[in-house]
Amino acid sequence: MAGDDDAYVYDEETGEWRPASEMAAAAAAASAVRDAAGNVLSDGDSVVLVKDLKVKGAGQTLKQGTVIRAIRLTDNPEEIDCRFEGIKGLVLRTEFVRRR
């Protein structure tokens, strides 16, 4: 139960007044960057591609099972920034990767 001095916020989904701290924790969990399997990703993780991807502008295809190391999260929770041999500025969508 929340303390008496906790601010309350109206939750439009449930139609109830809930503690602000509880709402903030729920929003943070919902905005976490997740891979294709639902695992939470963080900076520095290694990921594996779950399907073949054609890289625009590089004339190269990254094959399923390719390991991408040291990813960086972006402002968009559906994209990650990474590097791969000979491809600078590679941005992958999280729906095509799985945490290793």
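No value in this document is a laboratory result; all are computed from the given coordinates. These numbers come from a predicted model, not from an experiment. All Cβ positions, glycine included, derive from the backbone under ideal geometry; neighbour counts span all protein chains shown.
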Full-stretch length increase - Glu12, Ser31 - with 0.36 nm per residue and alpha-carbon distance subtracted:
5.0 nm
In whole µm²/s, the translational diffusion coefficient that Stokes-Einstein assigns to the chain, given a Kirkwood hydrodynamic radius over C-alpha pairs, 25 °C and 0.890 mPa s, equals 157 µm²/s
For region 47-99, build the convex hull from the C-alpha positions and give me its volume per residue in Å³.
76 Å³
Could you give the angle, 0 to 90 degrees to the nearest 10, between helix 20-30's Cα long axis and the longest principal axis of the Cα atoms of the chain?
20 degrees
Quick calc: nm separation of the 7 Å Cα→Cβ label points for Ala20 and Ala58 -> 4.5 nm
